[in-house]
Structure formats: C-alpha cells, structure tokens
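Chemist: Before we start, here is the structure in question, set down as structure tokens.
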There are 2 protein chains.
Amino acid sequence: MNTPDRIRAIVGPAGFIDVPADMAPYLREHRGLYQGKTALVVKPASTAQVAEVVTACAQDGVAIVPQGGNTGLVGGQIPFPGDNAILLNLSRMNRIQNIDLLNDTVTLEAGVTLATLQSAAQDAGRLFPLHLASQGSAQVGGAISTNAGGNAVLRYGMMRELVLGIEAVLPDGQIWNGLRGLRKDNTGYDLKQLFIGGEGTLGIVTRAVVKLFPAPRSMETAMVSVPGVAEATALLPLLRAATGDQLTGFELVPRIGLEFVLKHIPGARDPMAAQHPWYVLIEISSGYESSITRAMLETALTAAADKGLISDAVVAKSMTQAKALWALRENLSDVQKLEGGSIKHDVAVPISAIAEFIARASAAVTAVLPGIRPVPFGHIGDGNVHFNLSQPVGMDTAQYLARWDEFNNIVHDIVADMDGSISAEHGLGRMKRDEITRYKSAIEMNLMRTVKRALDPKGIMNPGKLV
Amino acid sequence: MNTPDRIRAIVGPAGFIDVPADMAPYLREHRGLYQGKTALVVKPASTAQVAEVVTACAQDGVAIVPQGGNTGLVGGQIPFPGDNAILLNLSRMNRIQNIDLLNDTVTLEAGVTLATLQSAAQDAGRLFPLHLASQGSAQVGGAISTNAGGNAVLRYGMMRELVLGIEAVLPDGQIWNGLRGLRKDNTGYDLKQLFIGGEGTLGIVTRAVVKLFPAPRSMETAMVSVPGVAEATALLPLLRAATGDQLTGFELVPRIGLEFVLKHIPGARDPMAAQHPWYVLIEISSGYESSITRAMLETALTAAADKGLISDAVVAKSMTQAKALWALRENLSDVQKLEGGSIKHDVAVPISAIAEFIARASAAVTAVLPGIRPVPFGHIGDGNVHFNLSQPVGMDTAQYLARWDEFNNIVHDIVADMDGSISAEHGLGRMKRDEITRYKSAIEMNLMRTVKRALDPKGIMNPGKLV
C-alpha cells in the first residue's frame with residue numbers, strides 16, 4: 001500500500017481530505033504568500049492516530065508538515081510543492097480535557113483555538129493571557145510550536161512561559177508523554193523547550209498543560225504623548241515600579257501611523273488637541289478596584305510629566321474610551337495596506353536600544369529611498385518593534401515591493417549590529433530560514449542542526465523549515 | 001605534556017590548585033555526603049581560558065566537572081573518585097559587566113554569587129528575586145545549571161524564567177555566544193534551555209544576562225492557621241485573585257514543625273493563643289503603599305475566614321514581626337537535625353493534589369514504621385513539598401537513616417503515581433541519577449540520552465551526573 005492509502009486506513013473516512021478543491025484552503029497561506037502541494041490532508045482524531053500516521057510516514061520516508069489554524073506568518077505550516085509531504089492538521093483534536101482551578105491549569109488537545117481556551121478560562125473565573133489578532137483560528141498546538149507572543153507578553157510572557165507540560169509525537173512515531181502540570185520539576189533536561197518554538201521540526205505537539213491566572217479586577221488604559229522614543233523607553237521602568245509591575249500594555253504609536261488611522265478608519269478621533277510625534281498606549285491590569293488603580297496610574301503619569309517624559313495624557317474614563325484608544329493601535333497594520341506597499345520587519349532589540357534603532361534604521365532606509373515612510377510601532381515594552389515601511393507616495397507598488405529583500409537586509413543588519421533579533425514573534429519558517437544563517441554564528445547554526453539531526457535523523461518533520 | 005600540565009600552562013599559577021590540602025574544600029560536599037578526587041582544581045579567569053581548558057580536555061579525553069559555589073545538594077559538583085576528572089571552578093569569573101536599567105537586565109560572569117547580584121540590583125533600585133539559603137556562596141552559573149528555585153518562585157519563577165541569554169563553552173571547547181538581552185526572540189530552537197538545568201553535562205555556562213524587576217514598595221506578611229491542607233490549597237487561588245497575583249510567599253508549616261522550632265529556637269514564640277494543625281505563611285509584595293496593601297490582605301483574609309478556609313490569622317505590624325514569622329518557617333530544616341535522623345524528600349505534585357499526597361504518604365510511611373514523624377512543609381504555592389521524615393522518638397538514628405532508600409521509594413512511588421516530580425528544586429546530580437530511571441519513561445530517558453550524546457559525543461562533561 002502506498003503511504004496515503006496506509007494513512008486513509010489509519011484515520012478512516014472522517015480523517016482525511018484528498019479532493020483538491022477541499023484541500024486548497026489548507027495549502028494556501030492566508031495572505032497568499034505561500035502555496036503548497038500535498039497528496040493528502042490528514043486530520044487525526046487522537047494522539048494514537050497521529051502516532052500511527054507518523055510511524056507510517058517514518059517507515060516510508062515520507063515528509064510531514066504539521067498544521068494548526070494555518071495562521072502562521074512565515075510559511076511554516078505550508079508544504080513545499082515538490083516534497084510530496086503529508087499535511088497533518090490537528091483541528092479535530094479540539095477537546096479541553098481538564099480545568100484544574102486549584103492548580104490553575106488547563107489540560108487540552110493541540111487543536112483547541114486560543115479563543116476557545118480564553119473563554120473557557122473566563123467562564124472559570126480565570127485568565128489565559130495570550131491574545132493574538134488571529135486567536136479565533138490560531139490553535140494552542142501552533143501557538144506552542146511557534147512560541148506565540150502577542151499582547152500582554154510584558155506581564156505574562158510568551159507561550160513558552162505559559163506551558164507547563166506537553167505531549168508530543170516524535171519523528172519515529174513514538175509518543176512522549178511530558179504532560180505534567182508542575183511549576184517545579186528539576187529531573188533532567190527540560191525537553192519540552194525544544195518543541196516550544198520548534199515549528200514542528202522535531203515532532204508534533206498533540207496535547208498540553210497551560211497556566212491560568214487570576215482575572216484582573218480592574219483594567220485602566222491611557223494614551224500619552226512623548227517628545228521622543230527615548231522618553232517612551234524611559235517611561236517604562238517608571239511605570240513598572242509605580243504599578244507594582246502590573247503593566248499589561250506598553251505600545252508605541254508614531255504620529256504617521258495615527259494619521260493613517262485617522263484618515264482611513266471612520267469615526268477614529270485624534271486623542272489629543274495638539275499633535276505629537278510619538279504616543280504610548282498604556283494598560284494596567286490590577287487586582288485592586290478601579291478607583292485605586294486609576295489613582296495610581298494618574299499619580300505615575302503626573303510624576304512622568306514632572307520629569308518631562310510625557311507631554312500630554314488621556315486616561316480612559318470608560319470601557320468605550322479604552323476600546324477607542326486600543327483601536328487606534330490595533331488598526332495600525334490594516335491602514336498601512338491602504339497606503340500602498342508595506343515592507344515589514346518583526347524585530348527586537350534591547351529596550352535601551354529602541355530609540356537608537358528606530359533613528360538609525362529610519363535614516364538608513366530614507367537614504368536609500370527618499371520619501372519612504374517608516375511606521376515603527378508595537379510592543380516596545382518587550383523590546384519588540386514592528387518596523388514597517390510604507391512606500392513613498394505615488395511610487396509604483398510592485399516596483400517598491402520588489403525591493404523587499406534589499407530593505408530587509410538594511411534593517412536586519414542594523415538589528416544584528418545592535419544584538420537584536422530579526423524575528424521577535426513570528427519565527428523562521430521558510431521565510432527567514434536562509435536569512436537567519438546571515439546573522440547567527442556558525443556555532444549556533446551547527447548546534448541547531450545537531451539537535452535536529454539527533455531528534456529527526458530521517459529529516460521527515462517539517463523539512464526545509466526553521467533549520 | 002599531560003593534561004594537568006597543559007592546563008597549568010593555560011591558566012598560569014593563579015589559575016590552578018594542586019596541593020591536596022588546598023583542593024580539599026572543593027572536593028567535599030558541604031554535608032559530607034560526597035567526597036571527590038581530582039588531579040587539578042582549575043580556576044580560569046576568563047571565558048577564553050575556560051575554552052582552552054575544555055579544548056585540551058576534549059583532545060585528551062579527560063572528563064571535566066564544572067563547579068560554582070559548591071552548594072549543590074545532589075552531588076553534581078563533586079567529581080567521582082575514579083574518574084581522574086578535572087574540577088573546573090568558576091569563582092574567579094566574578095565580574096558584573098553591565099547593568100542596563102532601561103532594559104532591566106544584568107550581564108555578568110558565572111562566578112558572581114547570588115547575594116552579590118541581589119545587592120547590585122538593590123543598589124540600582126531594582127530587585128533580583130531569586131533567594132536561596134545558600135545565596136552567599138551559590139553562584140549565578142550554578143543557579144542556572146541547576147535551575148535553582150527557592151523563595152518567590154510563586155511570583156517570579158525559577159532561574160529558568162529569570163535568564164534571557166547565556167554564553168557557554170561547549171564540550172569541544174567552542175564558545176557559544178547566546179548572550180542576548182531580549183525578551184522576544186523566535187529565531188530557532190531556544191538552545192539556552194538545554195544548559196539551564198543541564199547540571200553542566202552539556203557545557204559550561206560562563207556568562208549570562210538575567211532579568212531585573214521593580215523593587216516592591218511594600219511587603220506584608222501574615223501567618224494563618226488552617227483546619228487542613230485542603231483548606232490551605234483552596235486559600236491560594238483566593239489570595240492570588242485578591243492580591244492581583246502579587247503573592248510572593250505561600251509556605252505550609254505543620255504544627256509538629258512549629259513545635260520543633262518552639263522547643264529548640266530560643267525566643268521563638270507561638271504566633272497564636274490556640275494550637276492549630278496547620279499554618280500558612282503568606283507574603284505579599286506590592287507596588288502600592290503599605291496601608292493599601294495591608295488593607296487588601298486583611299480584606300482577603302476576612303473573606304477566607306468567612307469561607308471557613310482559615311481559623312485564625314496574625315498580620316505582621318512591623319518588619320520585626322514579619323521577620324519573626326519568617327523565622328518560624330526558615331528554622332524548620334535546622335530544628336529537625338535536633339530531633340534525630342531526618343529522611344528528606346524534595347517533591348512536587350499538582351497543587352490540587354498536595355492534600356491527598358501528604359495524607360497518603362504520611363499513612364504509608366507510618367504503616368511501615370509506627371512513630372515516624374512526617375514534617376511536610378514548604379513552597380506549596382508552587383506545588384513543592386519538603387516531605388521530611390523525622391525518626392521515631394528513641395529510635396537509633398543510624399538504624400533509621402539506614403532505611404533512607406526504603407522510605408524514598410515509598411514516598412517517590414506515591415509522587416509518581418500522582419504525576420509529580422521526585423526532584424522539584426535540587427536536580428538529579430549523582431544522588432537521583434539512577435533513581436530517576438525508575439520513574440521516567442524509557443522514551444523520555446532515551447530522548448535525554450540522545451541530546452547528551454549529540455552535544456557531548458565524547459561524554460566528558462560532568463560524566464555520571466543527571467543522565
């Protein structure tokens with residue numbers, strides 16, 4: 001029997017898709033950047049089925065591409081056209097198996113979406129803090145395999161810090177049960193760390209135990225204007241100290257980005273009477289009642305103003321006002337599409353280097369292409385800047401986007417020079433797999449390849465991705 | 001030249017010790033449980049020297065035992081008498097290289113003690129939260145290599161969660177520079193995680209970048225009495241929610257442990273008029289002023305009393321009172337020595353299973369040895385119980401301690417049956433290296449050995465430890 005037939009026999013009629021039209025949505029990256037091919041989309045219903053499928057592929061030397069919600073931004077979840085790889089989608093493994101309110105943990109299958117996990121936590125009076133724009137489709141297994149970030153990383157960390165244990169199917173089809181719900185366990189190498197952020201190249205995450213947190217009693221939101229990025233980064237430690245480290249949002253917004261939003265989003269309003277070069281969106285999530293939290297925030301902002309760190313501030317007086325302020329930040333990506341081509345960079349540098357990075361990178365790209373419009377924004381509380389470059393007004397978009405790699409090199413060389421990361425959140429996948437060799441030392445690349453060869457000697461797990 | 005002579009030439013006269021009397025302190029575990037042998041104690045002054053020493057050992061096939069402050073509790077830092085291993089001590093690499101207050105990070109060498117790091121953070125108006133009894137001697141490199149825990153893990157995590165980047169010398173002598181100060185970096189496998197908790201079996205951590213936190217503005221301490229352990233664990237989520245997750249201490253104290261302290265520690269006072277079977281020591285570290293924090297704590301304790309979770313409570317009104325309450329907890333280990341032999345277990349189970357674990361394990365050991373005195377205490381906010389067993393009154397201590405392994409098996413079998421960990425904090429070292437094979441699956445043991453073989457094919461890095 002050929003491998004697809006073996007797999008059909010393992011999972012049964014409900015467990016596979018082989019009609020091209022029905023396979024199409026699984027093979028296309030949602031922005032259309034990557035288009036894949038596969039002989040079969042397999043959707044196992046259990047860890048045991050995943051293990052049988054992987055065993056068959058290992059025996060036959062057939063490659064496997066694991067896929068969750070197909071929301072990845074670097075193509076890790078799309079098979080290469082030439083590989084004849086099997087696409088293994090985990091959507092059917094979507095059960096929440098246990099919520100333990102004393103241990104503050106949830107045990108669940110990899111195919112549960114982040115939104116489902118968040119609402120299950122909320123129904124239980126708890127918080128699961130990882131929030132992404134794609135959380136309605138993005139699945140826990142994918143979020144683990146890509147070490148997803150998103151909002152609130154500042155307070156709660158990335159997915160890596162939210163996972164206590166995992167179950168994974170190894171490249172030879174064996175099931176590793178590391179499904180522990182323990183906050184302390186020093187009994188050897190922390191193997192789960194290899195699968196977290198491993199992009200499915202070392203095995204397939206099938207189940208996990210994740211942490212829950214108390215739901216905040218109050219959340220306060222403010223937008224402040226700052227003279228420059230240096231003042232924004234100086235504001236961070238001041239606010240962390242003043243709030244007892246209960247900051248959950250610290251997001252940079254440049255004036256040009258705000259203007260894009262005001263221009264393109266109906267009903268969007270400039271938060272302040274005067275115009276300012278930079279803004280920071282601030283959110284505090286507290287265990288105290290709103291009045292105490294807001295008073296503390298206002299005291300801190302007054303202190304920041306006295307130090308000259310902020311020039312103006314708007315504190316949301318209602319949920320509606322808070323949502324309106326967040327909308328100014330959350331629309332920044334979308335509105336760039338309406339300003340022509342945008343060349344994107346998801347980078348991180350030490351927080352102390354953000355101001356210098358933005359200045360250097362903006363000058364460098366402007367020197368090469370006068371009129372280019374840098375729109376640096378995002379999670380600067382984590383050192384993470386979405387350094388997006390909107391095309392010059394009136395330039396041909398195709399001609400501009402044709403220079404994507406040229407600008408990536410300019411920006412990423414500066415990032416590397418400042419000991420930063422060329423992929424803070426999104427991973428390497430196939431998009432940055434070759435580019436990373438330009439920035440990581442030969443020693444580090446060799447260490448990564450050594451780990452890959454040791455755990456996946458046949459090279460069948462998501463080949464051509466990450467390493 | 002033989003290997004010791006090669007190493008002498010590399011590090012120079014200040015860099016080695018070969019006089020037996022002077023080597024002795026490095027070769028003896030501080031409780032006297034392990035006594036090692038070595039041809040040479042080498043104390044390199046730089047990463048480059050460490051790399052040269054390791055290269056020489058790799059070429060000659062000589063084993064290396066890395067050592068920090070020699071405070072480990074499982075013998076990982078002591079060479080086996082028969083191995084003729086070189087002992088590589090990092091004490092001379094004790095420089096703090098950079099404190100970045102905007103990035104909230106410290107870059108330092110592995111030989112810096114935890115106490116030195118803590119006071120450097122304090123001088124900068126920050127907190128480095130990892131606190132251990134041995135922090136005056138314990139070094140950062142050792143704390144990373146053993147993923148040290150200690151107090152405040154509940155709020156800040158173990159060492160793994162406090163490390164952003166490391167530099168390590170690999171088993172072939174190459175230097176891997178992963179010394180990044182980034183909170184977000186998704187550019188491949190998170191290699192540092194293998195060295196954190198790797199107990200020096202995959203390489204030698206020579207430098208690190210660790211996180212700083214805002215110093216709390218107020219700390220409030222309380223001792224509460226609870227009817228049983230189940231009420232203690234039910235109290236935890238209530239307090240986490242009521243304090244906005246600012247709990248930094250949640251420590252179980254059994255009546256028998258308190259009585260040992262009252263009996264043996266001059267000036268120790270029973271915190272409450274009545275006697276209670278169990279107590280919990282609670283500490284909150286807050287960004288708010290003391291009056292607000294204490295009011296919030298008292299409100300939460302009243303709510304807990306209404307639910308029947310606590311029977312009495314004492315809230316410290318001064319630092320002196322807080323210290324006195326902490327002393328009751330911190331003396332629990334020492335006073336056991338004065339009650340004869342103590343057989344120790346450093347275990348973790350899901351927090352929801354702690355009450356059942358203590359009941360089952362206490363019954364099991366009592367059935368085997370009537371009169372044995374279980375003294376379960378410690379970090380139950382992390383699921384971590386120090387399940388120590390004091391000998392029956394009047395029994396011969398040597399005869400009792402001779403049954404150490406027998407009781408370990410009884411207790412650890414119950415821990416394993418409840419999906420727990422037989423080493424929550426202390427690691428495996430040589431003490432639990434064989435025992436762990438009784439509890440970890442063959443698949444997991446094989447994964448660990450695969451990683452070890454891949455990174456240290458010659459097996460020269462701390463052989464016979466961990467895996």
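Bear in mind that the values in this text are calculations on the coordinates, not laboratory data. Source: prediction; values computed, not measured. Here the Cβ positions follow ideal geometry from the backbone for every residue, glycine too, while neighbour counts run over all protein chains shown.
Chemist: Would you work out which of A:421, A:348, A:376 lies farthest towards the positive end of the dipole of the range A:341-427, given +1 charges on the beta-carbon of Lys and Arg and -1 on that of Asp and Glu, about the Cα centre?
Modeler: A:376
Chemist: What is the set of long-range amide H partners of residue B:244 at a cut-off below 5 Å, with H atoms built 1.01 Å from backbone N?
Modeler: Placed amide hydrogens put A:287 under 5 Å from residue B:244.
Chemist: Can you tell me how the range B:87-201 classifies by the Cα gyration tensor, rounded, prolate or oblate, using a/c under 1.5 as the rounded cut?
Modeler: Rounded, since a/c falls under 1.5.
Chemist: Shortest first and in nm with one decimal, please list how far the residue A:227 label point sits from its counterparts in the other copies (point 7 Å along Cα→Cβ).
Modeler: Values, ascending and in nm: 6.2.
Chemist: Next up: Quick one: 3J(HN,Hα) in Hz for the range A:152-169, Karplus 6.51/-1.76/1.60 with θ = phi - 60°, rounded, Gly and Pro as x.
Modeler: Here the 3J(HN,Hα) series is 6, 4, 3, 9, 10, x, 7, 4, 3, 7, 9, 9, 9, x, 9, 10, 9, 8 Hz.
Chemist: Treat every Asp and Glu Cβ in chain A as -1 and every Lys and Arg Cβ as +1, leave all other atoms uncharged, and give the resulting dipole magnitude about the Cα centre to the nearest 20 debye.
Modeler: 540
Chemist: Residues of the range A:331-364 with backbone nitrogen within less than 18 Å of a virtual label 7 Å along the Cα-to-Cβ line of residue A:406, please, listed as ranges.
Modeler: A:341-345, A:361-364
Chemist: Still on this structure: Over 32 Å between Cα atoms: which of B:192/B:458; B:37/B:263; B:211/B:323; A:37/A:337; A:211/A:263; B:43/B:184 fall into that group?
Modeler: In this structure, B:37/B:263; A:211/A:263; B:43/B:184 exceed 32 Å between Cα atoms.
Chemist: Moving on to the next point. Run the quick spin-label model on residue A:319 and residue B:398: label points 7 Å from Cα toward the beta carbon, then report their separation in nm to one decimal.
Modeler: 7.2
Chemist: Something else about it: What residues qualify as long-range amide H neighbours of residue B:179, i.e. H under 5 Å apart, gap of 5 or more or another chain, H built at 1.01 Å from N?
Modeler: Sorted by chain and number, the residues that satisfy this are B:166.
Chemist: Continuing with this model, one more query. Enumerate the calculated ³J(HN,Hα) couplings along the range B:33-44 in order (Karplus 6.51 cos²θ - 1.76 cosθ + 1.60, θ = phi - 60°), each rounded to whole Hz, writing x wherever the residue is Gly or Pro.
Modeler: Those phi angles translate into 6, 10, 10, x, 9, 7, 7, 7, 9, 10, 10, x Hz.
Chemist: A follow-up question, please. Quick one: with label points 7 Å out along Cα→Cβ, list the inter-copy distances for residue A:395 in nm, shortest first?
Modeler: 8.0
Chemist: Further question on the same structure: Using only alpha carbons, build the gyration tensor for the protein assembly as shown and give me the equivalent ellipsoid semi-axes, biggest first, whole Å. Don't skip to the end; give the middle numbers.
Modeler: Working: eigenvalues 373, 241, 174 Å².
Semi-axes (√(5λ), whole Å): 43, 35, 30.
Chemist: On to the next question. Relative to the present Cα-Cα distance, how much length would full extension add between residue B:270 and residue B:14 at 0.36 nm per residue of separation?
Modeler: Gain on extension, residue B:270 to residue B:14, equals 86.9 nm.
Chemist: Let me ask something additional. Given axes a ≥ b ≥ c from the Cα gyration tensor, I'd like to know whether the range A:98-166 is rounded (a/c under 1.5), prolate (a/b larger than b/c) or oblate.
Modeler: rounded
Chemist: Could you name the aspartates and glutamates in cross-link range of residue A:465, using Cα to Cα under 14 Å and dropping any fewer than eight places away on the same chain?
Modeler: Qualifying aspartates and glutamates at Cα under 14 Å: A:83, A:199, A:434, A:435, A:456.
Chemist: Please state the charge dipole magnitude for the range A:3-89, taken about the Cα centre, from unit charges on C-beta atoms (+1 on K and R, -1 on D and E), reported in debye and rounded to the nearest 20.
Modeler: Roughly 180 debye, rounded to the nearest 20.
Chemist: Put +1 on the Cβ of each Lys and Arg and -1 on the Cβ of each Asp and Glu in the range A:96-214; which of A:118, A:156, A:132 then has its Cα farthest toward the positive end of the dipole?
Modeler: It is A:156.
Chemist: Residues of the range B:74-106 with backbone nitrogen within less than 17 Å of a virtual label 7 Å along the Cα-to-Cβ line of residue A:356, please, listed as ranges.
Modeler: Inside the label zone: B:97-106.
Chemist: For the protein assembly as shown, what proportion of DSSP beta bridges, expressed in % and rounded to the nearest 5, is antiparallel?
Modeler: 90
Chemist: Determine the distance separating the Cα centre of the range B:336-390 from the Cα centre of the range A:50-125; give it in Å without decimals.
Modeler: Measuring centre to centre over Cα atoms gives 39 Å.
Chemist: Taking amide H positions as placed 1.01 Å from N in the peptide plane, with prolines and chain starts having none, which residues 5 or more places from residue B:341, or on another chain, fall under 5 Å of its amide H?
Modeler: It is B:391, by chain and number.
Chemist: Go through the range B:454-467 residue by residue and turn each phi into a ³J(HN,Hα) via Karplus (6.51, -1.76, 1.60, θ = phi - 60°); whole Hz please, and just put x for glycine and proline.
Modeler: Per residue, the Karplus-derived 3J(HN,Hα) values read 5, 8, 9, x, 7, x, 9, 8, 6, x, x, 10, 6, 10 Hz.
Chemist: Can you return the aspartates and glutamates within cross-link range of residue A:317? Criterion is Cα-Cα under 17 Å, with same-chain partners fewer than 8 residues away left out.
Modeler: Filter leaves A:220, A:270, A:283, A:289, A:298.
Chemist: Dipole magnitude of the range B:236-317 about its Cα centre, charges +1 at Lys/Arg Cβ and -1 at Asp/Glu Cβ only, in debye to the nearest 20?
Modeler: For this selection, approximately 140 debye.
Chemist: Using square roots of five times the C-alpha gyration tensor eigenvalues, list the equivalent-ellipsoid semi-axes of the range A:295-404 in whole Å, biggest first.
Modeler: Over the Cα atoms of the range A:295-404, the semi-axes work out to 31, 18, 12 Å.
Chemist: Could you tell me which of rounded, prolate or oblate describes the range B:218-333, using a ≥ b ≥ c as the square roots of the eigenvalues of the alpha-carbon gyration tensor, with rounded for a/c under 1.5 and, failing that, prolate when a/b is larger than b/c and oblate otherwise?
Modeler: Details: a/c = 1.96, a/b = 1.31, b/c = 1.50.
Oblate, since a/c reaches 1.5 and b/c is not below a/b.
Chemist: Give me the extension gain from residue A:367 to residue A:97: residue separation times 0.36 nm, minus the current Cα-Cα distance, reported in nm with one decimal.
Modeler: Value of the extension gain: 91.6 nm.
Chemist: Shifting gears a bit: Taking the Cα centroid of the range A:226-248 and of the range B:150-213, what is the distance between the two, rounded to the nearest whole Å?
Modeler: Centre-to-centre distance over Cα atoms comes out at 26 Å.
Chemist: Let me ask another. Which Cα, out of A:252, A:267, A:326, lies furthest along the positive dipole direction of the range A:218-333 (beta carbon charges, K/R +1, D/E -1)?
Modeler: A:267
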